[in-house]
Amino acid sequence: MVLETVAIAIWAMLPAYVPNNVAVLAGGGRPIDGGRSWGEKRILGDGKTWRGTAFGTAAGIALALLLNRLNPMASETIGAAFPTFPVVAAVSLAFGAMLGDILASFLKRRTGRERGAAFPGVDQLDFVVVSLLLTAVVATDWFLSTFTLPVLVAVLVLTPLLHVATNAIAYALGLKNEPW
Ligand code: CTP
Ligand code: MG
């Protein structure tokens with residue numbers, strides 16, 4: 001029962017987990033803020049690029065569509081019903097994750113944190129919160145039937161753990177400059 005809930009939570013959030021990691025691999029090029037500052041500080045900074053955002057979002061959407069195809073087999077194997085992603089939810093989960101990360105950088109710059117500085121709590125949850133909120137708004141029925149209270153609790157507990165683990169791995173592999 002608990003394992004089922006955890007499996008469903010991870011499945012439902014995979015399209016939101018993948019974009020930030022793909023952005024790390026695909027990032028570079030023109031920053032979204034075009035190098036502009038607000039007051040003394042950059043609006044977003046060089047760590048938020050058009051290319052990273054586009055590839056990250058596209059990867060999350062593609063993964064959701066792939067999961068839809070694997071769903072019958074996976075659901076049968078585990079004996080529970082994994083959610084299928086309507087296109088609108090695939091887009092909101094993936095793009096919401098990127099948007100959350102961008103908003104966090106905006107907040108980091110406003111609070112005087114340089115690019116790459118840690119912002120404990122915000123770094124780990126920014127993308128989940130915004131991706132869930134956006135999905136709740138644009139795919140309300142799907143959101144309510146997928147993110148039941150136990151699934152939502154599992155998401156909020158698991159995400160920071162997965163985030164810390166994947167970033168530590170990306171750092172150890174030399175893909176990321178900081179382990180957060
Ligand atoms: N990245 C990107 N576009 C995004 C998000 C991330 O290109 N929308 C890439 C950048 O190369 C970035 C790297 O992924 O440097 C790591 O992402 P992140 O840790 O979110 O950015 P930081 O460089 O640490 O910058 P910030 O302090 O603003 O989070
Ligand atoms: Mg960072």
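Taking region 93-137 as the region of interest, how many residues are under 10 Å from the mean Cα position of the chain (by Cα), open to solvent by 40 Å² or more (accessible area, probe 1.4 Å) and β-branched (Val, Ile, Thr)? It would help to see each step written out before you state the result.
Pass one, region 93-137, residues under 10 Å from the mean Cα position of the chain (by Cα): 93-101, 124-132.
Filter again for open to solvent by 40 Å² or more (accessible area, probe 1.4 Å), leaving 95, 99, 125, 129.
Restricting the remaining residues to those that are β-branched (Val, Ile, Thr) gives 129.
The total comes to 1.
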Evaluate the following for Arg115: is it touching a strand residue (DSSP E or B) at 6+ places or on another chain (Cβ under 6 Å), within 20 Å of Thr49 (Cα to Cα) and within 16 Å of ligand 2 (Cβ to nearest atom)? no
Cβ-Cβ under 7 Å, sequence separation 6+ or interchain: first residue in region 19-32 and without any contact (Cβ under 8 Å) to a residue 24 or more places away in the chain, partner assigned to a helix (DSSP H, G or I) and of a type in the set (D, E, K, R). Which pairs? Gly29/Arg51
Please find, within region 24-52, the residue that is nearest to the chain's Cα centre (by Cα) out of those that are under 20 Å from Leu125 (Cα atoms) and either open to solvent by 20 Å² or more (accessible area, probe 1.4 Å) or at pLDDT below 95 (or both). Val24
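For every residue, the table says whether it meets (1) out of contact with any Leu (no Cβ under 9 Å at 6 or more places or on another chain); (2) on the phi < 0 side of the Ramachandran plot; (3) part of a loop (DSSP other than H, G, I, E, B).
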{"position": "Tyr17", "(1), (2), (3)": "no, yes, no"}
{"position": "Asn20", "(1), (2), (3)": "yes, yes, no"}
{"position": "Gly28", "(1), (2), (3)": "yes, no, yes"}
{"position": "Gly35", "(1), (2), (3)": "yes, no, yes"}
{"position": "Arg51", "(1), (2), (3)": "yes, yes, no"}
{"position": "Ala54", "(1), (2), (3)": "yes, yes, no"}
{"position": "Ile61", "(1), (2), (3)": "no, yes, no"}
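The values are calculated or read from the model by the stated rules, or taken from the named source; none is laboratory data. Please read all numbers here as calculations on a predicted model, not as lab measurements. Virtual Cβ from ideal backbone geometry, glycine too; neighbours counted across all protein chains shown. These accessible areas exclude ligands, DNA and RNA; they are computed on the full protein's heavy atoms, side chains included. Shrake-Rupley method; radii C 1.70, N 1.55, O 1.52, S 1.80 Å.
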